[in-house]
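The values are calculated or read from the model by the stated rules, or taken from the named source; none is laboratory data. None of the values given here were measured: they were computed from a predicted structure. Positions of Cβ are backbone-derived with ideal geometry, glycine not excepted, and every protein chain shown enters the neighbour counts.
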Ligand code: EPZ
């Protein structure tokens, strides 16, 4: 199994190109199930999760052509995927595939809307909480689907097709909002989503669905209205830049010191996280090329943070921020309100010398002067990159095990950091 070896203590200087957003690319790829015509997606990141979803969609009968970028290519632009779901040949998504990636469960709505039936295994995904799918099932029921759960599978039927309805979520859910948006686009009449997630990836998917012929209003706000169509057409759409990758590298620079241009990054996608970072003493400036992040000399100022749905501070940056706070000049409190079990990195950061205690949903981080390299274990995607950030600042050698978690969501991580002066390499076997 691959490991990542880091010799810490070097500042980061240079340019890091920001890839397309994983969490937009996945639902956008799933949107291909909604049309017989070709959906062309540009700026798709080359990630393990994207590859797995290509495989899953292939099982349903989606033909996929990939061009524009090969593994290891250095250029900025991502790959282009041409997805063509002319014929859906299989409406079952089996356990051995869905259990590897939670977002693959989201195929259920589009399959149901397009063919009138779907059988999809209950999902797996990162071990960060219980992560139920009750809102997803409510979406399907509201739109007229009949749902049965049997032997670990959700079996959905809609013999007479789906129709628009009012869907009101008790809690903001990114995935359930995507599910409602995708499915309602191919349902009869108008659907209204209340308490919708406002994440930029929702707006990106809505823009693509609009290009495919659906009428979507209000994406990016809490109320979204969708006029579904009997048929959707093909379209071409470029995936927006990854705000979590942006925030991760910004925190890495804040941690090590240095001066890095995050090329292609957009400030409006992560205002709360950047404001927090500025509070730590890190300089963030907007340029034509992207976001320039620097910190020179001064110590890291502790800042308290609470994770919230967009536009709040994202849960997907909580672990990285905790790594940064582990070296702050004082104490910070980090409260996680989205997932109940998203503190698995605490024990591993402690192996590097961090001083963190847990009090329910709050981590109390007492900054230490130095971290020291150690072997550590990645437990989920964002937790694993927090260990990389820790390792970049730690004295001596850090080895991050179970790197496959990182490969799910960070494209060419070692190359991007090494080109900015980090001593980081992948060790195979
Ligand atoms: C998405 O997950 C992201 N995944 C996650 O990113 C991200 O952490 C999360 O949104 C929150 O921003 C993708 O976009 C592929 P939710 P999702 O539904 O959609 C509860 C990463 O590292 N809930 O917004 O699964 C749930 O338990 C990943 O890239 C229900 O109760 O998250 C949680 O407490 C990890 N019932 C809250 O809602 C449901 O049916 C928000 O979860 C669905 C969710």
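Just to be sure, is residue 246 part of a helix (DSSP H, G or I), touching a residue at least 24 places away in the same chain (Cβ under 8 Å) and surrounded by fewer than 24 Cβ atoms within 10 Å (Cβ to Cβ)?
Working: part of a helix (DSSP H, G or I): yes; touching a residue at least 24 places away in the same chain (Cβ under 8 Å): yes; surrounded by fewer than 24 Cβ atoms within 10 Å (Cβ to Cβ): no.
Answer is no for this residue.
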From 307, 337, 362, grab the single residue that is under 18 Å from the mean Cα position of the chain (by Cα), closer than 19 Å to residue 382 by Cα and surrounded by fewer than 18 Cβ atoms within 10 Å (Cβ to Cβ).
337
For the condition within 16 Å of the ligand (Cβ to nearest atom) and at pLDDT 95 or above, what is the one hit in 97, 143, 162?
143
Select, from 419, 333, 412, the only residue that is at pLDDT below 95, under 25 Å from residue 282 (Cα atoms) and away from the ligand (no atom under 16 Å from the Cβ).
412
Please find, among 191, 197, 184, the residue that is within 18 Å of residue 105 (Cβ to Cβ) and away from the ligand (no atom under 16 Å from the Cβ).
184
Can you tell me which of (1) in contact with a strand residue (DSSP E or B) (Cβ under 8 Å, 6 or more places away or on another chain); (2) at pLDDT 95 or above; (3) crowded, with 19+ Cβ neighbours inside 10 Å is the one residue 378 doesn't meet?
(2)
Select, from 121, 168, the only residue that is surrounded by fewer than 17 Cβ atoms within 10 Å (Cβ to Cβ), more than 13 Å from the ligand (Cβ to nearest atom) and in the same structural domain as residue 34 (by TED's automatic domain parsing).
168
With the requirement that a residue be within 13 Å of the ligand (Cβ to nearest atom), free of Cβ contacts under 8 Å to residues at least 40 places away in the same chain and over 21 Å from residue 12 (Cα atoms), what does region 371-404 give you?
378
In this structure, does residue 326 turn out to be in contact (Cβ under 8 Å) with a residue 12 or more places away in the chain and either in the same structural domain as residue 254 (by TED's automatic domain parsing) or surrounded by 16 or more Cβ atoms within 10 Å (Cβ to Cβ) (or both)?
yes
Please go through region 222-248 and give me each residue that is under 19 Å from residue 310 (Cα atoms) and either within 16 Å of the ligand (Cβ to nearest atom) or out of contact with any strand residue (DSSP E or B) (no Cβ under 7 Å at 6 or more places or on another chain) (or both), ordered by number.
222, 224, 239, 240, 241, 242, 243, 244, 245, 246, 247, 248
Inspect region 288-296 for any residue being closer than 21 Å to residue 391 by Cα, surrounded by fewer than 16 Cβ atoms within 10 Å (Cβ to Cβ), in contact (Cβ under 8 Å) with a residue 12 or more places away in the chain and away from the ligand (no atom under 16 Å from the Cβ) and give the result as yes or no.
yes
State whether the residues of region 16-28 include one that is in contact (Cβ under 8 Å) with a residue 40 or more places away in the chain, surrounded by fewer than 21 Cβ atoms within 10 Å (Cβ to Cβ) and either away from the ligand (no atom under 14 Å from the Cβ) or at positive phi (or both).
no
For residue 41, only one of the following conditions fails: (1) in a strand (DSSP E or B); (2) at pLDDT 95 or above; (3) surrounded by fewer than 18 Cβ atoms within 10 Å (Cβ to Cβ). What is its number?
(3)
Hey, residue 205 hits all of (1) at pLDDT 95 or above; (2) touching a strand residue (DSSP E or B) at 6+ places or on another chain (Cβ under 9 Å); (3) over 24 Å from residue 82 (Cα atoms) but one; which does it fall short on?
(3)
Is it the case that region 265-280 has a residue that's touching a strand residue (DSSP E or B) at 6+ places or on another chain (Cβ under 9 Å), at pLDDT below 95 and more than 16 Å from the ligand (Cβ to nearest atom)?
no
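Among the residues in region 296-304, are any under 19 Å from residue 197 (Cα atoms), modelled with pLDDT of 95 or more and either part of a loop (DSSP other than H, G, I, E, B) or not assigned by TED's automatic domain parsing to the domain that holds residue 333 (or both)? Break it down stepwise before answering.
Of the residues in region 296-304, the ones under 19 Å from residue 197 (Cα atoms) are none.
Scanning region 296-304 turns up no residue that is under 19 Å from residue 197 (Cα atoms), modelled with pLDDT of 95 or more and either part of a loop (DSSP other than H, G, I, E, B) or not assigned by TED's automatic domain parsing to the domain that holds residue 333 (or both).
Mind telling me which of the residues 156, 179 ends up being crowded, with 20+ Cβ neighbours inside 10 Å and out of contact with any strand residue (DSSP E or B) (no Cβ under 9 Å at 6 or more places or on another chain)?
Numbers: 156 fails: out of contact with any strand residue (DSSP E or B) (no Cβ under 9 Å at 6 or more places or on another chain).
Among 156, 179, only 179 is crowded, with 20+ Cβ neighbours inside 10 Å and out of contact with any strand residue (DSSP E or B) (no Cβ under 9 Å at 6 or more places or on another chain).
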